[in-house]
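In what follows, a structure is listed as structure tokens, so that the remarks can point back to it.
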Amino acid sequence: MQKFTTLTGIAAPMPLVNIDTDMIIPKQFLKTIQRSGLGKNLFDEMRYTQDGQEIPEFVLNQPAYRNAEILIAGDNFGCGSSREHAPWALLDFGIRCVISTSFADIFYNNCFKNGILPIVMPQDVVDVLMADAKRGANARMTVDLVAQTVTTSDGQSFGFDVDSHRKHCLLNGLDDIGLTLEKASAIDRFESQAASLRPWA
Amino acid sequence: MTAPRTLYDKIWDDHVVHQAEDGTCLLYIDRHLVHEVTSPQAFEGLRMSGRKVRAPEKTIAVPDHNVPTTLDRANAATMTEDSRIQVAALDENARDFGIHYYPVSDVRQGIVHIVGPEQGWTLPGMTVVCGDSHTATHGAFGSLAHGIGTSEVEHVLATQTLIQRKAKNMKVEITGSLRAGVTAKDITLSVIGATGTAGGTGYVIEYCGQAIRELSMEGRMTVCNMAIEGGARAGLIAPDEKTFAYCMGRPHAPKGAKWEAAVAYWKTLFSDEGAHWDKVVTLRGEDIAPVVTWGTSPEDVLPITGTVPSPDSFTGGKVEAAQRSLDYMGLTPGQKLTDIAIDTVFIGSCTNGRIEDLRAAAAILKGKKIKVKRAMVVPGSGLVRAQAEEEGLAQIFIDAGFEWRLAGCSMCLAMNPDQLAPGERCAATSNRNFEGRQGRGGRTHLMSPAMAAAAALTGHLTDVREVMGETV
């Protein structure tokens, strides 16, 4: 997994609430057996007409935001399905950080497994960041995971919370499976105890 | 004496393998359900790192999302190339890693969340995961069940555990009894209407109260299935005699002395008096009406007697979202919901594709003809389909003008050829009314099987109580 330490980049505003995983990556693109290549279909039905033409009004089609690396989004971002294709598509497009007032649980979890940092901020802070993002490509934000701060283009800085285990994994690009397998003996012990306590399971 | 605990607390405590200082836990997983869409990259990850499936005997796979539901599906030409590759990948992964498998040709094949309970894989007190958000369904048994992403699928395959932090406890109580014509689907949609799609974020919900107790196991599965639409990690219902009766004799349920021991343990699975709840929501069963969704979020729920709302009646970001929904759905504020004309009816999905759902729809349709352009019933599994044929339900659907399909996810998410055309309006018994969910530009109204059947008969959204001759 790619490490995440600090990121300075263009933030794209997407104030719509309840942006769901079907919007992020529609189901016809879930038929891949790979993780990569989904960026071109990120937000497909909002981004392209039925015959594949770009919709100029859509934020990521606007010249200022074509290289966005941060999304500032409305409440409950990523609701819906468990498809990890949603963070894969964001990552493949180049988005490394999403900031909202809340995220759906599974999507939030999936981001951390892919080197994407989802940040929950209160509404008043998201409002400030949204306004900054709307200023376009010259408004570059900085996300510092080490210091746990987001800094706007005009220098306003806001702290955020992140789970310490997840922070550690992101900062170091660690693979969860490798870490868990270090606890294989605890899993063995649990299994043998469970086999006598709940043999039907 | 230990402090009073919720059902969630108890299941959690019994599955913690390791707890780190910061509270991050390694949770043991009893059952891992797998389907073709969210697993190929996980199996590929195992291959690349030379890892095996740690507990193949606890891992159950079935293809469901992509598979065609037409009667000619044995013909490979009914599938697109990419769908065929995905199903073939699951065939191969199941064989190579030695996990339980129900291929498309097996009569037991169906939607993973219908097959798991049907085969007795899902049992009370277990932890159940699947790379699918509707894993919440299995919570109906008092098992802690939730969806995971593909990285976590790989993690569970390799370690039989999941890294988790504990969620908060939320109680949703439905007091009293439901009125005639009101079903489990109306309960679960009404709860989401009341709490919003983010109302359960960070929580595990336990559904309780008389109306929940009075539901069958299948109704309870419908309720828990949509816990995820309310944002919750999982939904739970404490097991009782109905649960035990449902599980008994299923192919993978325990037998003999193991069964007795299991039931004794299952009887300890309830929330203790005085347990702590972080959030409590109470609805009166008598107040719940047959409902439909009008917008593009499952929280856009109204009683069928209502009218399309105005965006101005909302606040904050929901004003823009409601306007966008109305534009997408082609609806006007003030329009009566029962005036909305329907093109298509879809009965099926992991929410409402079980035998009782088909019975409820068939009871409305018996001896009548549909007035919509097309209508289809997609049973949740091959066994549900066989039972419906035995009971004569299939013939009722066919005589009414429905297509009688083979099992799969079908038009719930339209990954197979069952899709809506742009602008086509569908009365659906599935779980999501998102933009494009059932096909680009397709318009979805969620409702119960009985309500969908009523809409099929009249050609517009309809209060099923009128069809039933009930007084509203």
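The values are calculated or read from the model by the stated rules, or taken from the named source; none is laboratory data. Bear in mind the structure is a predicted one, so any value in this text is a computation, not a measurement. No Cβ is skipped: glycine too gets one built from the backbone with ideal geometry, and neighbour counts run over all protein chains shown. All accessible areas refer to the heavy atoms of the entire protein, side chains included, with ligands and DNA or RNA removed. Shrake-Rupley method; radii C 1.70, N 1.55, O 1.52, S 1.80 Å.
When residue A:45 is tested against (1) touching a residue at least 60 places away in the same chain (Cβ under 8 Å); (2) under 27 Å from residue B:418 (Cβ atoms); (3) within 9 Å of chain B (Cβ to nearest Cβ), exactly one condition is not met: (1). Quick one: is residue B:340 closer than 16 Å to residue B:464 by Cα, out of contact with any Leu (no Cβ under 6 Å at 6 or more places or on another chain), in contact (Cβ under 8 Å) with a residue 60 or more places away in the chain and open to solvent by less than 10 Å² (accessible area, probe 1.4 Å)? Taking the combined requirement at face value, the residue does not satisfy it. Among the residues of segment B:131-145, the ones that are within 15 Å of residue B:223 (Cβ to Cβ) and either part of a strand (DSSP E or B) or of a type outside the set (A, V, I, L, M, F, W, C) (or both) come to 8 in all. Can you name every residue in segment B:19-68 that is open to solvent by 10 Å² or more (accessible area, probe 1.4 Å), charged (D, E, K, R) and under 27 Å from residue A:31 (Cβ atoms)? Across segment B:19-68, the qualifying residues are B:31, B:44, B:47, B:51, B:52.
For segment B:62-87, give me each residue that is of a type in the set (Gly, Ala, Ser) and under 18 Å from residue A:35 (Cα atoms). Result: B:83, single match. Of the residues making up segment A:127-156, those that are free of Cβ contacts under 8 Å to residues at least 60 places away in the same chain, hydroxyl-bearing (Ser, Thr, Tyr) and part of a strand (DSSP E or B) are A:149, A:151. Once segment B:228-258 is narrowed to residues that are assigned to a loop (DSSP other than H, G, I, E, B) and more than 26 Å from residue B:131 (Cα to Cα), the residue that is least open to solvent (accessible area, probe 1.4 Å) is B:240.
Test residue B:135 against the criterion of being away from chain A (no Cβ under 13 Å) and under 21 Å from residue B:413 (Cβ atoms), and give yes or no. Give the steps one after another, and end with the answer.
Details: away from chain A (no Cβ under 13 Å): no; under 21 Å from residue B:413 (Cβ atoms): yes.
So residue B:135 does not fit the description; no.
For segment B:428-460, a residue qualifies if it is open to solvent by 10 Å² or more (accessible area, probe 1.4 Å) and closer than 14 Å to residue B:341 by Cβ, and the qualifying residues are B:443, B:457, B:458, B:459, B:460. Checking each residue in segment B:200-217 for being crowded, with 21+ Cβ neighbours inside 10 Å and not aliphatic (A, V, I, L, M) picks out B:200, B:201, B:203, B:206, B:207. For segment A:114-126, a residue qualifies if it is open to solvent by 10 Å² or more (accessible area, probe 1.4 Å) and touching a residue at least 60 places away in the same chain (Cβ under 8 Å), and exactly one does: A:114. Residue A:180 - would you say it is among the polar types (S, T, N, Q), within 21 Å of residue B:51 (Cβ to Cβ), without any contact (Cβ under 8 Å) to a residue 12 or more places away in the chain and surrounded by 12 or more Cβ atoms within 10 Å (Cβ to Cβ)? It is true that residue A:180 is among the polar types (S, T, N, Q), within 21 Å of residue B:51 (Cβ to Cβ), without any contact (Cβ under 8 Å) to a residue 12 or more places away in the chain and surrounded by 12 or more Cβ atoms within 10 Å (Cβ to Cβ).
Kindly evaluate residue B:417 against the criterion of being at pLDDT below 95 and open to solvent by 30 Å² or more (accessible area, probe 1.4 Å). For residue B:417, the condition - at pLDDT below 95 and open to solvent by 30 Å² or more (accessible area, probe 1.4 Å) - is met.
Conditions tested, residue by residue: (1) of a type in the set (Ser, Thr, Tyr); (2) in contact with a Pro (Cβ under 9 Å, 6 or more places away or on another chain); (3) open to solvent by less than 40 Å² (accessible area, probe 1.4 Å); (4) more than 14 Å from chain A (Cβ to nearest Cβ).
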{"site": "B:70", "(1), (2), (3), (4)": "yes, yes, no, yes"}
{"site": "B:74", "(1), (2), (3), (4)": "no, no, no, yes"}
{"site": "B:82", "(1), (2), (3), (4)": "no, no, no, no"}
{"site": "B:87", "(1), (2), (3), (4)": "no, yes, yes, no"}
{"site": "B:100", "(1), (2), (3), (4)": "no, yes, no, yes"}
{"site": "B:117", "(1), (2), (3), (4)": "no, no, yes, yes"}
